[in-house]
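A short write-up of the structure that comes next.
The values are calculated or read from the model by the stated rules, or taken from the named source; none is laboratory data. Note that the structure is a prediction, hence the values are computed from the model and not measured. Glycine also receives a Cβ, built like all others from the backbone with ideal geometry; neighbour counts cover every protein chain displayed.
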Amino acid sequence: MDATPAQRHVQRHNPISIRLHLALDGDWHRIEARQWNARGFCFFHSTPLATGPTAFKRSLQHFEGDIVWSRASHDEAQVTEMLLNEAIHRHAGSSQVQPETQQRLLKLMRVQGMPEAKQRVLSALGGMPQPQEWQDHVARRMAQAMYQFGVRVEAPAWQAVVTEAMALGGVVQDLERWSGSLAGG
């Protein structure tokens, strides 16, 4: 995440985001680590944050990372994906959702991209707003600033999180290849 050329050439993983929590104002806030690798990750948040050491956790694994850069972002694709993931999360938390479906929805949330597929799933489950209502929701969120942050991490707990995500990422990539071969692609 540092601007040094050596770190810029380390492969980043983006097909799967990693759910983490960020310590902020004495509470834990859910974030999605994106563009991650063994040296760090990026994430979005609605609050501007100072650079420097910050506490993060995944389940019981706590670690510290340094926020090394930030920028304001008004990317409609990222806002749309965030809203879709929020809607999927709300629907997965519904008491009417079967446990198997809930697990599938939570996995779908972790896969980046696929906005059309996520919209189709939400529509099939009755959780997708009408087109005009959805566009209004996107426009309201676009009016709010989102901030992107780069975090550098040198902690064994983060290495364990990356190892776990790499294993899951391999499964997701296998499923994508398998579904592509069935579709004739």
Completion exercise
For region 113-160, the count of residues that are small (Gly, Ala, Ser), touching a residue at least 60 places away in the same chain (Cβ under 8 Å), under 16 Å from GLN78 (Cα atoms) and assigned to a helix (DSSP H, G or I) equals 0
Exercise for the section: Starting from residues that are at pLDDT below 90 and either touching a helix residue (DSSP H, G or I) at 6+ places or on another chain (Cβ under 9 Å) or small (Gly, Ala, Ser) (or both), keep the ones in region 35-58 and report whichever is surrounded by the fewest Cβ atoms within 10 Å (Cβ to Cβ). Expected result: SER46
Handout entry: Residue within region 44-66 that is in contact with a Leu (Cβ under 8 Å, 6 or more places away or on another chain) and of a type in the set (Lys, Arg) present
Key = yes
Practice task
Using the structure shown, decide if GLU64 is on the phi < 0 side of the Ramachandran plot and not in a strand (DSSP E or B).
Solution key: no
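Can you pull out every residue in region 1-34 that is assigned to a loop (DSSP other than H, G, I, E, B) and either under 18 Å from VAL162 (Cβ atoms) or modelled with pLDDT under 65 (or both)?
We begin by selecting, within region 1-34, every residue assigned to a loop (DSSP other than H, G, I, E, B); these are 1-4, 9-12, 14-15, 17, 25-26.
MET1, ASP2, ALA3, THR4, HIS9, VAL10, GLN11, ARG12, ASN14, PRO15, SER17 - these are the residues of region 1-34 that are assigned to a loop (DSSP other than H, G, I, E, B) and either under 18 Å from VAL162 (Cβ atoms) or modelled with pLDDT under 65 (or both).
Looking only at region 59-78, filter to residues that are among the aliphatic types (A, V, I, L, M) and touching a strand residue (DSSP E or B) at 6+ places or on another chain (Cβ under 7 Å); which one of those is modelled with the lowest pLDDT? Lay out the reasoning, then the answer.
Taking region 59-78 as the starting set, the residues that turn out to be among the aliphatic types (A, V, I, L, M) are 60, 67-68, 72, 77.
Subsequent filtering for residues that are touching a strand residue (DSSP E or B) at 6+ places or on another chain (Cβ under 7 Å) retains 67-68, 72.
Working: ILE67: 97, VAL68: 96, ALA72: 84.
The qualifying residue modelled with the lowest pLDDT is ALA72.
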Fill in the blank from the handout: Considering residues that are of a type in the set (S, T, N, Q) and under 16 Å from the mean Cα position of the chain (by Cα), the number found within region 148-167 is 1
Problem - Tabulated pairs, region 28-48, first among the small types (Gly, Ala, Ser), second surrounded by fewer than 17 Cβ atoms within 10 Å (Cβ to Cβ) and at pLDDT 90 or above, C-beta under 7 angstrom, 6+ apart or interchain - result: ALA38/GLN159; GLY40/ARG152
Practice task
Name the residue, out of LEU49, LEU108, that is outside any strand (DSSP E or B) and outside the structural domain of TRP28 (by TED's automatic domain parsing).
Solution key: LEU108
Practice task
With respect to MET166, determine if the residue is aliphatic (A, V, I, L, M), in contact with a strand residue (DSSP E or B) (Cβ under 9 Å, 6 or more places away or on another chain) and part of a helix (DSSP H, G or I).
Solution key: yes
Exercise for the section: Among what's in region 76-112 and is touching a residue at least 40 places away in the same chain (Cβ under 8 Å) and more than 13 Å from the chain's Cα centre (by Cα), pick the residue that is surrounded by the most Cβ atoms within 10 Å (Cβ to Cβ). Expected result: ALA87
Practice task
Report, by residue number, each residue of region 40-99 that is under 24 Å from ALA117 (Cα atoms) and of a type in the set (Asp, Glu).
Solution key: ASP75, GLU76, GLU81, GLU86
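Please go through region 85-104 and pick out each residue that is small (Gly, Ala, Ser), in a helix (DSSP H, G or I) and at pLDDT below 85.
So in region 85-104, the residues small (Gly, Ala, Ser) come out as 87, 92-95.
Cutting the leftovers down to in a helix (DSSP H, G or I) gives us 87, 92.
Within region 85-104, just ALA92 meets the criteria.
Which residue out of ALA117, ALA167, ALA155, ALA143 is of a type in the set (Gly, Ala, Ser), modelled with pLDDT of 75 or more and in contact with an Asp or Glu (Cβ under 8 Å, 6 or more places away or on another chain)? Write out each step before concluding.
Details: ALA117 fails: in contact with an Asp or Glu (Cβ under 8 Å, 6 or more places away or on another chain); ALA167 fails: in contact with an Asp or Glu (Cβ under 8 Å, 6 or more places away or on another chain); ALA143 fails: in contact with an Asp or Glu (Cβ under 8 Å, 6 or more places away or on another chain).
Exactly one of ALA117, ALA167, ALA155, ALA143 is of a type in the set (Gly, Ala, Ser), modelled with pLDDT of 75 or more and in contact with an Asp or Glu (Cβ under 8 Å, 6 or more places away or on another chain), namely ALA155.
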